[in-house]
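These notes are about the structure you will find just below.
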Amino acid sequence: MELLDETIVPEHAHDVKQEAREFAEEHIAPNAEEYFRKGEYPHDILEAGQEAGLVAQDISEDLGGRGLSLTEVLAIAEEFYRADAGIALTLQLASFGAEIVEEYGNEEQHEEYLRPVAEGDQITGLAVSEPETGSDLAGMQTRAEKDGDEYVLNGEKYWIGNGVEGDWLTVYARTGDDEENRYGNHSMFIVPTDAEGYEAEHIPEKMGFRASKQAHIVFDDCRIPEENLVGAEGAGFWMLAEFFNHGRVVVSGHGLGLAAAAIEEAWEFAEGREQFGRSISDFQAVQHGLADMRLEFESARALAWRAAEKVEQGEDPGLWAAMAKTKTTEVATDCAEQGMQFHGGRSVLTDRRIARVYRDVRIPVIYEGANEIQRNLIYRQS
Ligand SMILES: Cc1cc2nc3c(=O)[nH]c(=O)nc-3n(C[C@H](O)[C@H](O)[C@H](O)COP(=O)(O)OP(=O)(O)OC[C@H]3O[C@@H](n4cnc5c(N)ncnc54)[C@H](O)[C@@H]3O)c2cc1C
């Protein structure tokens, strides 16, 4: 059974999908259990991914990347997440938010910040969420005040991938307080992580995605030059909204990869496990459970690839990205739940792949906007 079959993937993404599969088989899958258990940042696998040209390569060729399209990044996501979600997130987060700098930043910013990420010399991240605010993007409180030819940042960010490991971050901060125009109060800034007044530490241990690391960042009079403003002041919310239209399609690949892993594990276990003198896959109840997993997976995957096409063509991107993200990540949770049940008692052994997937699937239903927020978007934009 080939779940991540390439026929649904546009032809131009076949080669990179194959590269991602081979990389995942060689570098991610064999190390997944160990990294999950130790909860360590996989520096060596990240480096191998950079060398293989599979990390941060959405950045354009002019800037040293491969200019991979959204569908190519989605193809990579499915393959990487099937092998391990935590390692996959670390690999894919190395350029998280860089798209915003590429789209709205100027040439100097491209050369100074994007090129080293594309060339594998630096990694970056996107800092939006805060300890007290997550879903309400227009409610974020970290503030950037103009002072002469500098901006001074004060506030906190939470959950930030590469907040400790990264060289610089794209930071979403408040530059206005217009109650009448909630969506015009934020801006985007490039913040080097060695700037004075920037402090970051890892958040507490997570139950899933353990090979990825997130940070709690404190900005205490953190000064950055005014040239680090990305695009126009006050346009940050809209930059983020557009960025998430792409990001959520990629997250649908997270859901699909995880669902594929759960199905593979459930299928293999059910066929190998005997009870009452026969394989448990001979019981019709088990067969129907496996059939439902396959059905839901194929529906979600068809939606995700349709959404990728719609978003690339700019047709109702917010709607399609939200539908793909919601459906795929929830199918992953359902498949993991069913996969656990078919594993019986062995499901709770922590070194089992199904137990790892079961813990990982809790996360993509939350990040890049909790699925309730996606449903708000789906309703409003339908
Ligand atoms: C592993 C991981 C990695 C992450 N990486 C990053 C990162 O790199 N950068 C970054 O900026 N952020 C990151 N995040 C943060 C993530 O985007 C937020 O957790 C997410 O947006 C939800 O915010 P919250 O956790 O504050 O939940 P809250 O906003 O407090 O919401 C809690 C719950 O309330 C409900 N809810 C909230 N609002 C509504 C509504 N309007 N309608 C209906 N229900 C609602 C939902 O059930 C929601 O799950 C990461 C999170 C995780 C878990």
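The values are calculated or read from the model by the stated rules, or taken from the named source; none is laboratory data. Note that the structure is predicted; figures quoted are calculated from it, not measured. FYI the Cβ positions are ideal-geometry reconstructions off the backbone, even for glycines, and counts take in every protein chain you see.
Only strands (runs of 3 or more DSSP E) whose full extent lies in the stretch 124-180 are considered here, and the ones with at least 1 residues that are under 23 Å from Y41 (Cβ atoms) and in contact with a Leu (Cβ under 8 Å, 6 or more places away or on another chain) are 124-127, 150-161, 168-174.
For residues that are among the polar types (S, T, N, Q) and in contact (Cβ under 8 Å) with a residue 24 or more places away in the chain, scanning just the stretch 171-192, find the one that is nearest to the ligand (Cβ to nearest atom). Filtering the stretch 171-192 for residues that are among the polar types (S, T, N, Q) and in contact (Cβ under 8 Å) with a residue 24 or more places away in the chain, the one nearest to the ligand (Cβ to nearest atom) comes out as S187.
Taking R301, is it away from the ligand (no atom under 16 Å from the Cβ), within 18 Å of the chain's Cα centre (by Cα) and under 20 Å from A77 (Cβ atoms)? Criteria met by R301. Of the residues contained in the stretch 244-265, one or more are found to be touching a residue at least 60 places away in the same chain (Cβ under 8 Å), under 22 Å from G345 (Cα atoms), out of contact with any strand residue (DSSP E or B) (no Cβ under 9 Å at 6 or more places or on another chain) and surrounded by fewer than 20 Cβ atoms within 10 Å (Cβ to Cβ).
Remark: A144 matches the filter, which requires a residue to be of a type in the set (G, A, S) and crowded, with 18+ Cβ neighbours inside 10 Å. Filtered by the rule that a residue be touching a residue at least 60 places away in the same chain (Cβ under 8 Å) and either outside any loop (DSSP other than H, G, I, E, B) or within 8 Å of the ligand (Cβ to nearest atom) (or both), the stretch 340-352 gives F342, G344, R346. Please determine, by comparing only the residues of the stretch 365-382 that are under 16 Å from D136 (Cβ atoms) and either at pLDDT below 95 or among the aliphatic types (A, V, I, L, M) (or both), which one is nearest to the ligand (Cβ to nearest atom). Here the residue is A370. Residue count for the stretch 117-147 satisfying the condition of being farther than 22 Å from R223 by Cβ and more than 16 Å from the ligand (Cβ to nearest atom): 4.
Just one of A98, A75 is buried (at least 24 other Cβ atoms within 10 Å of the Cβ), more than 24 Å from Q214 (Cβ to Cβ) and modelled with pLDDT of 95 or more; which is it? I'd like the intermediate steps shown before the answer.
Numbers: A98 fails: more than 24 Å from Q214 (Cβ to Cβ).
The unique qualifying residue is A75.
Against the conditions (1) more than 12 Å from the ligand (Cβ to nearest atom); (2) under 19 Å from S212 (Cα atoms); (3) not polar (S, T, N, Q), E150 satisfies every one except (2). Name the residues in the stretch 20-37 that are in contact (Cβ under 8 Å) with a residue 40 or more places away in the chain and surrounded by fewer than 19 Cβ atoms within 10 Å (Cβ to Cβ), would you? Correct list: E25, A29, N31, E33, R37. Of all the criteria given as (1) more than 16 Å from the ligand (Cβ to nearest atom); (2) free of Cβ contacts under 8 Å to residues at least 24 places away in the same chain; (3) surrounded by fewer than 19 Cβ atoms within 10 Å (Cβ to Cβ), the one not satisfied by A355 is (3). Just one of (1) polar (S, T, N, Q); (2) buried (at least 23 other Cβ atoms within 10 Å of the Cβ); (3) not in a helix (DSSP H, G or I) fails for T328. It is (3).
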